[in-house]
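Right, one structure below, let's go through it.
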Amino acid sequence: MKKWLISMMAVATLLLAGSALADGSITLSPDGSTSTDASVRIDGQTVTIAQAGTYQIAGTLGDGALIVECSENAKITLVMGGVNIKNSTGAAIQIATADDVTIELAEGTTNVLQSGEEVDIAAATESEEASGGALQSKVDLKIKGKGSLTVLGYLNNGIHCTKDLKIKNGNISVTALGHGIKGKNSVTVSGGTVTVTSGKDGITSDETENEEKGFVTIEDGEIIITSAGDGVSAETTLTVTGGVISIISGGGSANAQQKTDNMRGWWDFDNSASDDNSASCKGLKAGKALVISGGSITIDAQDDALHTDGDMTISGGECILSTGDDGAHAALSLTVLGGKITVLTSYEGLEANQITLAGGELDITATDDGINANGGSDGFSGGFGGGFGGGRGGMGGSFGGRRNDTNNQSGDMTPPDNNNMTPPDNSNMQTPPDGNAPSGNPPTMPGQDAADSTTTDDTTDKQPVLLITGGKITVNADGDGLDSNGDLRVEGGDITVNGPSNGGNGALDIGTENGGAGVIAGGTLIALGTSSMAENFGSTSTQCAFLVTMNSFGAGETITITDSQGNVLYTGVTVKSANSVVFSSADLVVGETYTVTIGSTSATVTQSSTVVGNSNGFGGFGRH
């Protein structure tokens, strides 16, 4: 009876497994491979595993392949203990059929998989005849272990899995003519050291038919990517919860085409246009959502460092970003709840339709706008409308004088200096004959990716909003410091804005021409810039704010704001030349007098109402 039960249990086990378990070892050799398992087929330099089981593999194939071709419910483990396989025409390891396959890298061993002959990744093109990668799997694939794996994809991709790819640990190095690591359904990295050099994307998942797939998740490990395309791209969601990530994409920010703020010089459209057909060279890119809650991320990208066509949420971790375009760009919403974000160099620091900054520490440097809430696309978001003197709107309005707020300055204040602002000569200005915007879609503007030029209904249905409720925020921008094409609302946070030294932008740019409003209800804010385009918060604000124009001051001068009793409300050091100051703090009260001292220059402001100070400057293009 006992023997019968044992026999039945064995049969059940075999049925559940789907095939006979056949553990064995395989020794690869160009002179003739061998195996301890009779089910392993050997045909010259082609070795085929046909049954489920765990296989110990070692040895070399000079021009051959290891193939896994089992039943669809077979589970396979390949323990690689010193494997070197080269295939001049296809994949070194080809996993055709099974339930799932695990590659285990034996501790202390080095394993090499190569497809094609060695080429210069930067100069060569992919083989149209070859498909997949040097390590190719059509089933779920897991890589783990304490050994090392070098994958050389000289025909196309390095590691290519058409299902779910998981990297648990191991020391993995990939060099590929195409994508470095591709898991069509998904890629998950939870440990190990992964180094990728690729002619396309470093790590990618591009499933489009199943909305629950096409994701990339990075949980832990060290990832180092040098890619001609995107560093990491996901068709749906890209999630980073931990790990150390370092990416150089598209040659880095120094390789980007130089951009200039074409709205800064009145009607000067002489800007370096990017090639709309060029490859996407972003750092981390997601189709629907980019979520960062941990990890240490360093990116040097030719294009956006962080990019999503949907929503972006950052709640933890540290990001150090250098980019030829945007530090972080979201087509819909960008929310920062925590973490540390440093944008060392960028065209625009943060850009999205809806921006919420509720925590964390941000230090942003930009050659154009520092933080920009616009229509959600990378391109031109202004329009024809508005006018000079009535806001910073569009082209179709009349030329007015300086725009004045209903709140007036009081005390010893120097009037705004507009000497360096010259109104445009409209004699040569091309204006639509009926004063209306042209029909159809706007043209692709310089610096705008063709793929990013459209916006979704979610984007166009919502007026842009820049909302700050917390966090420590420092902006150094040559364009507008804080820019919203709709509302600019400040309810908290510690905010320092070092705005432009030129006369074509402002430290604050509020979308009043689009019906937006500037409202401050909390936090501490100081914004330095030029008086010619200076803007203050609106009369619906509940926290006091003032705008004061000074004599011009330079970089490195101490700025101090005191009340009538000599109490210091703010002290800091200027970083560039400017001549206007916007300040708001919970310490300001109506009826008090304040003194702003910068170097040897001072101005006195009487807080006669909640908001005091003119908003000056000519209107212009509705800018992005």
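The values are calculated or read from the model by the stated rules, or taken from the named source; none is laboratory data. Only a predicted model underlies this, so the values are computations on that prediction, with no experimental measurement involved. Backbone-built Cβ (ideal geometry, glycine too); neighbour counts: all protein chains shown.
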Please state which one of T524, T558 is exposed (fewer than 15 other Cβ atoms within 10 Å of the Cβ), in contact with a strand residue (DSSP E or B) (Cβ under 7 Å, 6 or more places away or on another chain) and of a type outside the set (A, V, I, L, M, F, W, C).
T558
Which residues, counting only those in the stretch 583-594, are under 40 Å from the mean Cα position of the chain (by Cα) and among the charged types (D, E, K, R)?
D587
Number of the exception - I181 against (1) without any contact (Cβ under 8 Å) to a residue 40 or more places away in the chain; (2) closer than 14 Å to G221 by Cβ; (3) surrounded by fewer than 23 Cβ atoms within 10 Å (Cβ to Cβ)
(3)
Exactly one of (1) of a type outside the set (F, W, Y); (2) over 19 Å from Q56 (Cα atoms); (3) in a strand (DSSP E or B) is unmet by Q94. Its number?
(2)
Closer than 18 Å to A373 by Cα and touching a residue at least 60 places away in the same chain (Cβ under 8 Å): which single residue out of L508, L547 fits that description?
L508
Quick one: which of G503, G515 is modelled with pLDDT of 90 or more, of a type in the set (G, A, S) and in the same structural domain as Q543 (by TED's automatic domain parsing)?
G515
Counted residues, the stretch 585-603 - those being out of contact with any strand residue (DSSP E or B) (no Cβ under 6 Å at 6 or more places or on another chain), over 10 Å from D563 (Cβ atoms) and modelled with pLDDT of 95 or more:
3
Tally time: how many residues in the stretch 548-563 are outside any loop (DSSP other than H, G, I, E, B), out of contact with any Phe, Trp or Tyr (no Cβ under 8 Å at 6 or more places or on another chain) and of a type outside the set (A, V, I, L, M, F, W, C)?
4
For residues in the stretch 340-371 being buried (at least 24 other Cβ atoms within 10 Å of the Cβ) and among the charged types (D, E, K, R), which is nearest to G481 (Cα to Cα)?
D369
Hey, among D478, D487, which residue is of a type in the set (D, E) and within 23 Å of the chain's Cα centre (by Cα)?
D478
Looking at I167, I223 in this structure, which one is modelled with pLDDT of 95 or more and within 19 Å of the chain's Cα centre (by Cα)?
I223
Out of (1) buried (at least 24 other Cβ atoms within 10 Å of the Cβ); (2) under 16 Å from S539 (Cα atoms), the one A507 does not meet is (2)
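In the stretch 328-347, what residues are part of a loop (DSSP other than H, G, I, E, B) and free of Cβ contacts under 8 Å to residues at least 24 places away in the same chain? Before the answer, list the steps.
To start, the set of residues in the stretch 328-347 that are part of a loop (DSSP other than H, G, I, E, B) comprises 331-332, 337-339, 346-347.
Result: no residue meets the conditions.
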Within the stretch 203-231, which residues are under 22 Å from K146 (Cα atoms) and buried (at least 24 other Cβ atoms within 10 Å of the Cβ)?
I203, I218, I223, I225
May I ask you to verify whether A234 is in contact with a Phe, Trp or Tyr (Cβ under 6 Å, 6 or more places away or on another chain) and buried (at least 24 other Cβ atoms within 10 Å of the Cβ)?
yes
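Does N536 satisfy being at pLDDT 95 or above, over 27 Å from V589 (Cα atoms) and in contact with a Gly (Cβ under 8 Å, 6 or more places away or on another chain)?
Numbers: at pLDDT 95 or above: yes; over 27 Å from V589 (Cα atoms): no; in contact with a Gly (Cβ under 8 Å, 6 or more places away or on another chain): yes.
Judged against the criteria, N536 is not a match.
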Taking interchain pairs and intrachain pairs at least six residues apart, which have beta carbon atoms under 8 angstrom, with the first residue in the stretch 578-600 and acidic (D, E) and the second in a loop (DSSP other than H, G, I, E, B) and crowded, with 19+ Cβ neighbours inside 10 Å?
E592/Q607
Filter the stretch 184-202 for residues that are of a type outside the set (D, E, K, R), surrounded by fewer than 24 Cβ atoms within 10 Å (Cβ to Cβ) and out of contact with any Asp or Glu (no Cβ under 6 Å at 6 or more places or on another chain); which is nearest to A98 (Cα to Cα)?
T188
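Provide a single number: the residues in the stretch 527-546 that are closer than 23 Å to K462 by Cα and crowded, with 24+ Cβ neighbours inside 10 Å. Before the answer, list the steps.
If we filter the stretch 527-546 for residues that are closer than 23 Å to K462 by Cα, which is where we start, we get 537-538, 540-541.
From the residues that got through so far, the ones that are crowded, with 24+ Cβ neighbours inside 10 Å too are 537.
So the answer is 1.
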Does any residue of the stretch 564-582 turn out to be in a loop (DSSP other than H, G, I, E, B), more than 33 Å from the chain's Cα centre (by Cα) and crowded, with 22+ Cβ neighbours inside 10 Å?
no
Here are the criteria: (1) assigned to a strand (DSSP E or B); (2) of a type in the set (A, V, I, L, M); (3) modelled with pLDDT of 95 or more; (4) in contact with a Ser or Thr (Cβ under 7 Å, 6 or more places away or on another chain). Tell me which single one A527 does not satisfy.
(4)
If a residue must be part of a loop (DSSP other than H, G, I, E, B) and hydrophobic (A, V, I, L, M, F, W, C), how many such residues does the stretch 36-51 contain?
3
Which numbered condition trips up L337, out of (1) over 10 Å from the mean Cα position of the chain (by Cα); (2) buried (at least 22 other Cβ atoms within 10 Å of the Cβ); (3) not basic (K, R)?
(2)
Tally time: how many residues in the stretch 79-93 are hydrophobic (A, V, I, L, M, F, W, C) and surrounded by fewer than 24 Cβ atoms within 10 Å (Cβ to Cβ)?
1
